[in-house]
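Engineer: This is the structure I have questions about; it appears just below.
Nothing in this text is a laboratory measurement; each read-out follows from the coordinates by a stated rule. None of these values were measured; they are calculated from a predicted model. With ideal geometry, Cβ positions are generated from the backbone for all residues, glycine too; neighbour counts draw on all protein chains shown.
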Amino acid sequence: MDSTGPETTQKIASTPLPFDASNGFYRWLPLIVLIFAIAYGWLLASLTPQALGSVHWLSSLETGLPQDLMALVRQVFIGGILAFALLFNLAVVFMLQRPGLAWLSVFMAGVLHCQLVLEQFGLWFIWPDQPQYNALLHISLPLCLIALCEFTPHFLPLGRRSRRIIHVISLLAFLHLLATPVNIPGVGEASFLGLALAGGAFILLVVLSQIRQHVLARYYGLAFLAILVGAVISFLHTTGWAPSTSFAESAFFLGAAAGSVILTTGAASLLSSAGAASANDSRGLPGYDPALTERQDQQQRLMLEVENGLARNSMWLEYQPKVRIRDAKVRSVEALIRWHHPEFGYVPPDQWIPQAEQVGVIYPVTLWVIERACSEYPHLTARYGDELAIAVNISATDLTHAGFEEKVTNIITRHNIQAKDLILEITETAMMTDPEASRRMIHTLNRKGFRIAMDDFGTGHSSLGTLASFELDELKIDRSFLKDILDHPTRQRIFRATLELGEALDLDVVVEGVEDEAVVRWLQQFPDLYGQGFFWGKPEPACP
């Protein structure tokens, strides 16, 4: 348990997702790129119309407005759908103040321009005497790829290598954009098509690798599928392998619009879930409360910035010792996560971890905590001794993830740590959420040699029979048991009975929240008891 104050109970029941906490220049980068692309395209169209007019994007197009009224209605309808997707995304960007989502607006602006050009409603509509302006499509397509690449890290948690690859693809697309008026061997439609296919394939690979762990990856996968289906249908129509229908002609644009709406809705949905998780509904339907609204907005933003905090090293671990009470020898340490947000400052665990659990974004952080704790294990053993164990909190949702035990095993193997040196703490409430699933996963972890602790015992609803059915190694008594224990004989009898229960099940018993010397003296009558609390030390980094 995380003890950050005398009366607080703050738990890292394993933990959390991405988005942008960007400031300054990077906050306005999507708009800057869009304005640059427009200005650059107009400049080229004004200075070198012959060069732009010679590109092959539009070689098969005819000038002039469509003569068929139904075709005109269809084209206007498709343009309206794309405009709606663009405006919908912009509305969410401004409403939620998520600058990273603006990259999706840039993508939709590029797609909308492509549609207008291909339907012969582009800049030709403004300058009918200069149809070569339609060749600005050569600017719009690379812009779409740049926007999609730059949007992805703001929507999905990516590792450093994946971020670099996506930024390289974005840079190459930008170079294609700049090379529009220059005849460079090997740089043209074919090379851009290959780059776009490679970029799309890599993004799809990243999405598929995270689709089981991340809520937003599922939205991205669905959106990518919509765009991909539209692109494939358009390709088949262009090559003559698909019948010529109104839908086939506009499939790519419909897919792009659907994908944009899905991605925007996904972000808004997660924010809504975070807001619902942070609301206190025990008081019925309250009226408007500015303080509550501000707090919910902060928690919504935190949910979207958790994994960015991990990637940018604004989160770290501190360790609180568990000691044997009779001689104060440190037996193990508990890893507790800390977060210093660039805007909100230090964020206590109880202000974001419960919400992160409820919206389902804590699994990656559980693995991050285990990875970081194992990497800092040598520093801890140098301070406390080679027989030290590390305790890490995990949540109920972690127990339901297929392959969780393999991932944890791979982590400790990579750091040359034995399974017995890692204690996985699970709260009593988490275990009782789905006792059967918890029992199966605990059995699997126990067979691999990991030690299992039931945390916050006394706050849940487990029966003695249920407790005995779990393969546990440690029982952690909640700090509430110690409240006024010196003045209440009844509380003392309950505490003794709990210790006897632990001994009957052959469990190590740890009492949490020990802060008073008088309480320590009273606890010393129990020779096999372990304790954790401010009396023996506050949480500290591995390398203070």
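Engineer: I'd like the FRET efficiency for ILE211 and GLN492, computed as 1/(1 + (r/R0)^6) with the beta carbon distance as r and R0 of 51 Å, rounded to 0.05.
Structural biologist: Values: r = 52 Å, r/R0 = 1.03.
That pair, ILE211 with GLN492, gives E of 0.45.
Engineer: Between ASN416 and GLU471, how many nm apart are label points set 7 Å from Cα along the C-beta direction?
Structural biologist: For ASN416 paired with GLU471, the spin-label model returns 2.9 nm.
Engineer: Let me ask another. Residue by residue through segment 345-353, which ³J(HN,Hα) values in whole Hz follow from phi under the Karplus form 6.51 cos²θ - 1.76 cosθ + 1.60 (θ = phi - 60°), with glycine and proline marked x?
Structural biologist: x, 5, 10, x, x, 6, 9, 9, 5
Engineer: Now for a different question. Can you list, bin by bin at 10 Å, the percent of alpha carbon pairs in segment 419-499, starting at 0?
Structural biologist: Using 10 Å bins, I get a P(r) of 18, 46, 26, 9, 1 for segment 419-499.
Engineer: Provide TRP241, TRP316 in ascending order of the number of other Cβ atoms located within 10 Å of each residue's Cβ, fewest first. Don't jump to the answer; show the numbers that get you there.
Structural biologist: On the way: TRP241 8, TRP316 16.
So the ranking, lowest neighbour count to highest, is TRP241, TRP316.
Engineer: Separate question: Find how much the distance from LEU225 to TYR346 grows on full extension, using 0.36 nm per residue of separation minus their present alpha carbon separation; answer in nm with one decimal. Mind dumping the intermediate values first?
Structural biologist: On the way: separation 121, 0.36 × 121 = 43.56 nm, distance 3.93 nm.
Gain on stretching LEU225 to TYR346: 39.6 nm.
Engineer: Which of ASP327, ASP434, ASP398, ASP528 has the fewest other C-beta atoms within 10 Å, and how do the rest follow up to the most?
Structural biologist: Values: ASP327 8, ASP434 15, ASP398 25, ASP528 12.
So the ranking, lowest neighbour count to highest, is ASP327, ASP528, ASP434, ASP398.
Engineer: Let me ask you something else. Can you sort SER209, SER162, SER260 by how many other beta carbons sit within 10 Å, fewest first?
Structural biologist: Numbers: SER209 13, SER162 19, SER260 24.
With the sparsest Cβ surroundings first, the list reads SER209, SER162, SER260.
Engineer: For TRP522 and ILE32 in the same chain, what is the full-extension length gain: residue separation times 0.36 nm, less their Cα-Cα distance, in nm? All intermediate terms of the calculation are to be shown ahead of the outcome.
Structural biologist: Values: separation 490, 0.36 × 490 = 176.40 nm, distance 6.67 nm.
Once the chain is fully extended between TRP522 and ILE32, it gains 169.7 nm.
Engineer: Next up: Counting pairwise Cα distances across segment 312-532, what percent come out greater than 31 angstrom? Present the calculation step by step, with values, prior to reporting the outcome.
Structural biologist: Numbers: 5042 of 24310 pairs.
More than 31 Å apart: 21 percent of the Cα pairs in segment 312-532.
Engineer: Another question about this same structure. Rounded to the nearest 0.05, what FRET efficiency do ARG326 and LEU193 have when you use their Cβ-Cβ distance and R0 = 51 Å? Mind showing how you got there, number by number?
Structural biologist: Details: r = 73 Å, r/R0 = 1.43.
Calculated value: 0.10.
Engineer: Additional query: What length, rounded to one decimal in nm, is gained on full extension from GLU387 through to ASN313, with 0.36 nm per residue of separation minus their alpha-carbon distance? Intermediate values should be presented prior to the final figure.
Structural biologist: On the way: separation 74, 0.36 × 74 = 26.64 nm, distance 2.89 nm.
Here the answer is 23.7 nm.
Engineer: Further question: With a Förster radius of 35 Å, plug the Cβ-Cβ distance of THR400 and LYS483 into 1/(1 + (r/R0)^6) and report the FRET value to the nearest 0.05.
Structural biologist: Step by step, r from the Cβ atoms, then E = 0.55.
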